[in-house]
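Novice: Shown below is the structure under consideration.
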């Protein structure tokens, strides 16, 4: 798999990311590019995957007041606000690709209406090799994504839902919609 220099990734001027987050973004984007190459994704979709990868966590290290001000959302859990906030600012800056904006907006919760860009980002964010849990199983799934993209996606959705339920997290409507779309 290719490696991307975290400092070579161009992030928006409003991005709020520390070094660890920048490294995560680079690993997610590298995994997406590996899959795009292996799957023979056309150049337009490949660019969508690249941009979704490098922008998905652009505000992950922002504070809660900033994210709530951008999203104007006073009730959603803080942990899920960085995607919608990034999508809002990307659109404000002129980004018009719905696939990219939807992938960034919903990458934490999932979305039943996603195309392959959103699904790829959802998987790559979970399967990137820098995460320390379930290393062997996630590495196997990352390899399987180019063999059975849809089956791997279903497995990742299942694993993320199982984790949320095990941790006592409330399932958001978008996550339920995603599960219903892949069953």
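The values are calculated or read from the model by the stated rules, or taken from the named source; none is laboratory data. Keep in mind it's a predicted model, so treat the numbers as computed, not measured. Neighbour counts are summed over all protein chains in view; Cβ atoms, including those assigned to glycine, are modelled from backbone coordinates with ideal geometry.
Novice: Kindly evaluate residue 87 against the criterion of being free of Cβ contacts under 8 Å to residues at least 40 places away in the same chain and buried (at least 22 other Cβ atoms within 10 Å of the Cβ). Write out each step before concluding.
Specialist: Numbers: free of Cβ contacts under 8 Å to residues at least 40 places away in the same chain: yes; buried (at least 22 other Cβ atoms within 10 Å of the Cβ): yes.
Yes.
Novice: With the requirement that a residue be under 17 Å from residue 125 (Cα atoms) and free of Cβ contacts under 8 Å to residues at least 24 places away in the same chain, what does the stretch 7-23 give you?
Specialist: 19, 20, 22
Novice: Let me ask something else about it. Of all helices (runs of 4 or more DSSP H) completely enclosed by the stretch 83-183, which ones contain at least 2 residues that are modelled with pLDDT of 90 or more? Even if it seems obvious, please write down each step before you answer.
Specialist: On the way: elements: 98-106, 116-127, 135-144, 149-166, 173-182.
Qualifying helices (runs of 4 or more DSSP H): 98-106, 116-127, 135-144, 149-166.
Novice: Could you look through the stretch 90-117, keep only residues that are without any contact (Cβ under 8 Å) to a residue 24 or more places away in the chain and closer than 23 Å to residue 181 by Cα, and pick out the one that is farthest from the chain's Cα centre (by Cα)?
Specialist: 98
Novice: Restricting to the stretch 52-67, count the residues that are surrounded by 22 or more Cβ atoms within 10 Å (Cβ to Cβ) and part of a helix (DSSP H, G or I).
Specialist: Counting residues in the stretch 52-67 that are surrounded by 22 or more Cβ atoms within 10 Å (Cβ to Cβ) and part of a helix (DSSP H, G or I) gives 5.
Novice: Related question: So how many residues does the stretch 118-142 have that are without any contact (Cβ under 8 Å) to a residue 40 or more places away in the chain and exposed (fewer than 13 other Cβ atoms within 10 Å of the Cβ)?
Specialist: Looking only at that region, the number is 6.
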